[in-house]
Amino acid sequence: MTTLAASPERVRRGAGARTWAIVKRHALTVYALLVVGYLMLPIAVVILFSFNKPAGRFNYVWEEFTFDNWVNWNAVLGIQDAIITSLQVGLLATVVATALGTLMAMAIVRHHFVGRGATNILVFLPMSTPEIVLGASLLTLFLNTTAVFQLGFWTIFIAHVMFIVSFVVVTVKARLIGFDRHLEEAAMDLGANEVTTFRKVTLPLIAPAMLAAALLGFALSIDDFVITYLTAGGTQTFPVFVWGIARVSVPPQVNVIASAIFLVAIALALGNALWQIRAGRRQRRATA
Amino acid sequence: MNPRLTRDQLLRRGAAGVAFLSLPSLLAACGGGGGNGESSGELNDVLNFSNWELYIDTPDTRKAAGLTGPTTLQQFTQESGIEVNYYEDVNSNSEYFATVQGRLRQGQGIGRDIVVSTDNDRFLGEYLDNDWALKLDKDLIPNISNLIDAQAGPPFDPNREYTLPWFSGMDGIAWNEELTGPITTVTQLLEDPELKGKVGVWNSMGDTLGLVMLENGDDPANVTDETFDRALDVIEKAQDAGQIRQFYGNNYADPLARGDLAASMAWSGDILNLGDPKIKWAIPDKGGIIWTDNMLVPLGGSVPTASTYMNFVYDPKIAAQLALGANYISSVKGVKEEASKLNPEAASNTLAFPTDDMLAQMHQNDPTMFSNAEYEKKWLAVQGK
Amino acid sequence: MGTFLHRHRGATPYLLLAPGVLWLAIFFLIPLAFLGYESLQSGLFPNFEFTWEFSNFSDGIRDYREQFVRSFLYAGIATLACLVLAYPLVYWIAFRAGPWRNLFLLFIVAPFFVTYLVRTLAWLNILADQGPVVGLLRDVHILDSDGRLLATTFAVVSGITYNFFPFMALPIYVSLEQIDPRLLEAAKDLYASSTQAFLRVTLPLSAPGIVAGTLLTFIPAAGDFINAALLGTPNQAMIGNVIQSKFLESLDYPGAASLSFVLMGLILVMLLIYARIVGSERLTG
């Protein structure tokens, strides 16, 4: 860091510049918190109303506080199975799609091969197809191959992987473009073969991108309605269940489940953050 | 309904996920249902029944209606030994149809013995016209004699060979009395400037245009190109003037209660189930539309099992409990008397047990309207689609 | 394994691609072929016949031009809004959030755990005509005394923006996260102001992320229907709504299929133009 010579003008400018710098620094944080506030606003409402005891069918006017909905969270028939199915499909499909998508992204970014352009287009096509069309055409495939595919959990899984893969490819590609190959080359110069290099150098470096892609994929899966509805046969995932039960209105238990998933995820991330801070402190103490 | 997942199944699924390529093992994992399209012809010990949500008595609604004892489904099982898998997966006629049409077109079953479809929509007609409904076994339905005369011979099934009514509902106008005075005519709904931007209508042709046709003095049971265009004009004008806020499916009740809508075309049963004292409902001056959800047996269903159940629910005592528990209109003779024995106050509610005067004001839709592609196109165009 | 791959280097891309491409080939391309077949059919449900009915396409473009234009307009505005809103947030997460990064990434994605219908209903409550937000806006005369937020173009575009926000945010984060902070230090050492450092170093390095984010937002948003259905009136109907109703209500499968292909085709054309503008290396590396 350069030091400022002690002269009066420089000090004055320094003070002004420093104040401005403080404002600028905090402005961004304030902005970030505001945007997060905007994102979380409906969630706050959902969580709030999970504690509401609605007078009639409608859960939009605050009546009184109650824990009943949380205690009897599975009182609504089918809600438990629906959320379990959603979580299972979500986790499984995300893992598979992230793996497939990452491999594809690596191939597209790092290699020049015949069919590269076509592969790119292939990746973009599912995203540009309206969901109802994706779902309906996939349904046609399943119906013509009932010896192999029976509508249910596995067809939902297949459908989800299909439409998540594209998002993973595009997300991981953003990381791979501009990836510094020198690190890998250095590793190989030091005697590592391709696989070891991938495992020990590449993978850790693109892991955050894969995580981001996986997060996006999981979000897509757990929120999907149209494609799932068409390819599920009769199996219900959470969004399908909610759509069905919302014919008149949404029972508070739906708020409970939604809030629970959200809170568990936040708790995990919070724990991860606190753990990182502690690890950082420990490391600093160790090296002090 | 998903069978409860045991830990075993959870592990099995995880393992199967890894060994995805061993496809044959997957066939046993989670059977979708349905096989070939031929009826088993035998009495099964399980009945698979798809229905709308909130359309049957439940322990909660029974309690609210002052009924004791097991639900009608449980009573059916006790009496016949047949278990019922009751699926509330019909959220809209079109959406449900979209999920089953593929299998039906291939001649496959859909894993159900009874499904329910509304008569003022094209989809009931599709089941019947394409031979996707199986003939009922009337020998097993002696209680069919309890079917009220008004429902004895509808145009789509003149001899009641394939369908039987489940519940009916009335189309009328609902309003929020905190926001407006009573709305008694369709014209007022669609033209009163006080209501501008706060009016709801249905996205369903039969319901909305049916009410408008009555207002125009035309007969909704006999639609011609002129009467159709006349009714469509009225809606188009109201839409262009910004009078109509949105075209709703069954989700108008929420905005109505919340105050986004001051008034809306509404179904009698929804308003009853709302239980919100500030939301009122009435039949328009010129009359209302009555629609009926019909039970039918789709391809692959078991006719004897389904027929046994239908006979059960056509017993006035059972029908009364159903009507009290779901708050919709039954088509079984004597249901009002039986209901009065169980809960005189509830049985006097004319929304669920309409008087003969009210029924006289009710009209039905013309089924040919729904299979007319031109009409369909024009109706969707008004909605921007 | 390592030497095997080394010796068959040329095959590497194909091996990497194989599983994903196979999945898409079976579960997307084959259904797409069915769809193509359907798009050239004619007749009424369920008796469709294959008649090389190319008029399905021209009819579709002619009849629904308004909805196509509107869809691309709404998607475009929403994409821009997402970019403007998301970039500073994601910048903050990547450079300032420290150990709290993953928590804030989760905040971005969390709305999806609360299914679409539930979070939209929450918005419907918050923005209700009789609610506090609209009341406030009416008081300060931003809205007329009988103005509303819901059932408007604003509501539909806002809904699309809100719901596609993570698709813009996460890819940008991905490319910002990899920027070596020492590059920025070096820029400052060379007397660059923060603004210059941003414009000359950070922004260009995050370009792949911006490109990815715009694609992941715009493309699916163009085919969206649910926001227009719940938050809009017939005046806001998008092409997704048309396709939805053709499929569900009219049972006009050839019509729905052909419109889908037109949509896909238009998106691909826009993609090619976009690739030309930003340089195709940004798309493929």
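Worth a mention:
- Output for segment A:222-254, where each listed residue is part of a helix (DSSP H, G or I), more than 9 Å from chain C (Cβ to nearest Cβ) and farther than 20 Å from residue A:131 by Cα: A:245, A:252, A:253
- Residue list for segment A:66-93, filter: open to solvent by less than 10 Å² (accessible area, probe 1.4 Å) and not aliphatic (A, V, I, L, M): A:85, A:86, A:90
- Residue tally, condition farther than 15 Å from residue C:87 by Cβ and open to solvent by 30 Å² or more (accessible area, probe 1.4 Å), over segment C:168-191: 11
- Close pairs from segment A:265-287: first in a helix (DSSP H, G or I), partner open to solvent by 80 Å² or more (accessible area, probe 1.4 Å) and of a type in the set (A, V, I, L, M, F, W, C), Cβ under 8 Å, at least 6 apart: A:273/C:100
- Condition met for residue A:222 (surrounded by 21 or more Cβ atoms within 10 Å (Cβ to Cβ) and in contact with an Asp or Glu (Cβ under 6 Å, 6 or more places away or on another chain)): no
- Scan segment B:266-325 for residues that are open to solvent by 30 Å² or more (accessible area, probe 1.4 Å) and among the acidic types (Asp, Glu) and the total you get is 3.
- Failed item in (1) assigned to a helix (DSSP H, G or I); (2) open to solvent by 10 Å² or more (accessible area, probe 1.4 Å); (3) farther than 24 Å from residue A:49 by Cβ; (4) away from chain A (no Cβ under 11 Å), with residue C:160 passing the rest: (2)
- Looking across segment C:196-210, just one residue is more than 16 Å from residue C:95 (Cα to Cα) and buried (at least 24 other Cβ atoms within 10 Å of the Cβ), and that is C:208.
- Positions within segment B:347-359 being of a type in the set (A, V, I, L, M, F, W, C) and either touching a strand residue (DSSP E or B) at 6+ places or on another chain (Cβ under 9 Å) or open to solvent by 30 Å² or more (accessible area, probe 1.4 Å) (or both), in sequence order: B:351, B:352, B:353, B:358, B:359
- Given (1) in contact with an Asp or Glu (Cβ under 8 Å, 6 or more places away or on another chain); (2) not assigned by TED's automatic domain parsing to the domain that holds residue B:207, number of the condition residue B:280 does not satisfy: (2)
- Among the residues of segment B:154-169, those that are open to solvent by 50 Å² or more (accessible area, probe 1.4 Å) and over 17 Å from the mean Cα position of the chain (by Cα) comprise B:155, B:158, B:159, B:161.
- For the criterion of being within 9 Å of another protein chain (Cβ to nearest Cβ) and either modelled with pLDDT of 90 or more or open to solvent by 20 Å² or more (accessible area, probe 1.4 Å) (or both), residue A:185 fails.
- Unique match (being at pLDDT 85 or above, touching a Phe, Trp or Tyr at 6+ places or on another chain (Cβ under 6 Å) and either under 24 Å from residue C:172 (Cβ atoms) or at the interface with chain C (Cβ under 9 Å from one of its Cβ atoms) (or both)) among A:214, A:219: A:219
- From C:237, C:212, C:207, C:197, residue being aliphatic (A, V, I, L, M) and modelled with pLDDT of 95 or more: C:237
- Remark: residue A:123 falls outside the filter, which requires a residue to be open to solvent by 10 Å² or more (accessible area, probe 1.4 Å), among the β-branched types (Val, Ile, Thr), within 12 Å of chain C (Cβ to nearest Cβ) and touching a residue at least 24 places away in the same chain (Cβ under 8 Å).
- Boolean, residue C:105 is over 26 Å from residue A:246 (Cα atoms), facing another protein chain (nearest Cβ under 7 Å), under 21 Å from the mean Cα position of the chain (by Cα) and part of a helix (DSSP H, G or I): yes
- Residues of segment C:13-58 satisfying the condition of being among the charged types (D, E, K, R) and either within 15 Å of residue A:166 (Cα to Cα) or surrounded by 15 or more Cβ atoms within 10 Å (Cβ to Cβ) (or both): C:38, C:53
- Meets criteria (at pLDDT below 95 and more than 24 Å from residue C:238 (Cα to Cα)) for residue C:149: no
- Pairs where the first residue, in segment C:137-152, is at the interface with chain B (Cβ under 10 Å from one of its Cβ atoms) and in contact (Cβ under 8 Å) with a residue 24 or more places away in the chain and the second is among the aliphatic types (A, V, I, L, M) and open to solvent by less than 60 Å² (accessible area, probe 1.4 Å), C-beta under 6 Å, 6+ apart: C:150/C:127
- When segment A:160-180 is filtered for residues that are more than 7 Å from chain C (Cβ to nearest Cβ) and either modelled with pLDDT of 95 or more or within 16 Å of the chain's Cα centre (by Cα) (or both), the ones remaining, listed by number, are A:160, A:163, A:164, A:166, A:168, A:169, A:172.
- Here the condition is being buried (at least 24 other Cβ atoms within 10 Å of the Cβ), more than 7 Å from every other protein chain (Cβ to nearest Cβ) and assigned to a helix (DSSP H, G or I); of C:230, C:259, it holds for C:259 alone.
- In segment A:99-120, the residues that are within 7 Å of chain C (Cβ to nearest Cβ) form Cβ pairs under 8 Å with partners that are at pLDDT below 90 and part of a loop (DSSP other than H, G, I, E, B), at six or more places apart or across chains, as follows: A:107/A:113; A:108/C:285; A:109/A:177; A:109/A:179; A:109/C:285.
- Matching residues, segment C:101-117, being closer than 15 Å to residue A:272 by Cβ and of a type outside the set (S, T, N, Q): C:101, C:103, C:104, C:105, C:106, C:107, C:109, C:110
- Residue identified as in contact (Cβ under 8 Å) with a residue 40 or more places away in the chain, over 26 Å from residue C:31 (Cβ atoms) and not in a helix (DSSP H, G or I) among A:62, A:73: A:73
- In segment A:131-153, the residue that is surrounded by the most Cβ atoms within 10 Å (Cβ to Cβ) out of those that are more than 9 Å from chain C (Cβ to nearest Cβ) and small (Gly, Ala, Ser) is A:135.
The values are calculated or read from the model by the stated rules, or taken from the named source; none is laboratory data. Bear in mind the structure is a predicted one, so any value in this text is a computation, not a measurement. Cβ sites come from the backbone with ideal geometry, for glycine too, and all protein chains shown count toward neighbours. Just the protein is used for accessible areas: all its heavy atoms, side chains included, with ligands, DNA and RNA removed. Shrake-Rupley method; radii C 1.70, N 1.55, O 1.52, S 1.80 Å.
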